[in-house]
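First comes the structure, then the notes that go with it.
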Amino acid sequence: MKSRLLPVLLALSCILSSVGSPAQSPQPGDDPIAQSLFPPELVMQYHDEINLNEAQTKAIKEAIQKAQGRFLDLQWEMQSETGKLALLLKARPIDEPAVLAQLDRVLAQEREVKRAQISLLVRIKNVLTDAQQSKLMELRRHQ
């Protein structure tokens, strides 16, 4: 039984450590996806340097506000589903099919969080001009 439970616990640990706050944005590092996108904090930090105009600022603010509402909903749902999984794991004996079904629900929530994150980052990138994107990449490299 322990050999079956270990992968579930490891998966849960990875999920929970990667979720953190749903509003967190991917960091560029070695991540090829994050290298192509710009977190809101970076855009706000270099607002003047990239010459963000009022229309762009408004569009980005609206995208962030919409995403924040979604992140809040997802965070509540994720905590609820994770709590249910934790309860199932406390049982003796553990009902493996029930745990795996609940894990699928937790993983579905994780997918929604990641989808919402990428959606926000894509919307931000689509607002920026090619020149602004190039400048942000340069500024990010020098951080």
For this session: Pairs only if they're at least six apart or on different chains, beta carbon under 7 angstrom, first in segment 88-109 and modelled with pLDDT of 95 or more, second basic (Lys, Arg); list them, first residue then second.
Result: 96/4; 102/84
Problem set entry | Filter pass, residue 83 being modelled with pLDDT under 95, in a helix (DSSP H, G or I) and of a type in the set (Gly, Ala, Ser) | no
Seminar exercise, completed: Within segment 101-143, of all residues that are basic (Lys, Arg) and under 20 Å from the mean Cα position of the chain (by Cα), the one surrounded by the fewest Cβ atoms within 10 Å (Cβ to Cβ) is 111
Seminar exercise, completed: In segment 95-143, anything outside any helix (DSSP H, G or I) and over 30 Å from residue 82 (Cα atoms) is listed as 128, 129, 142, 143
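For segment 49-63, which positions are buried (at least 18 other Cβ atoms within 10 Å of the Cβ), among the β-branched types (Val, Ile, Thr) and in a helix (DSSP H, G or I)? Working first, answer last.
First, the residues of segment 49-63 that are buried (at least 18 other Cβ atoms within 10 Å of the Cβ): 50, 52, 56, 60, 63.
Next, from what is left, pick out any that are among the β-branched types (Val, Ile, Thr): 50, 60.
The one that is buried (at least 18 other Cβ atoms within 10 Å of the Cβ), among the β-branched types (Val, Ile, Thr) and in a helix (DSSP H, G or I): 60.
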Problem set entry | All positions within segment 46-74 that are of a type outside the set (D, E, K, R) and more than 28 Å from residue 110 (Cα to Cα) | 46, 47, 50, 51, 52, 53, 55, 56, 57
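The values are calculated or read from the model by the stated rules, or taken from the named source; none is laboratory data. What you are looking at is a predicted structure, and each value in this text was computed from that prediction instead of being measured. FYI the Cβ positions are ideal-geometry reconstructions off the backbone, even for glycines, and counts take in every protein chain you see.
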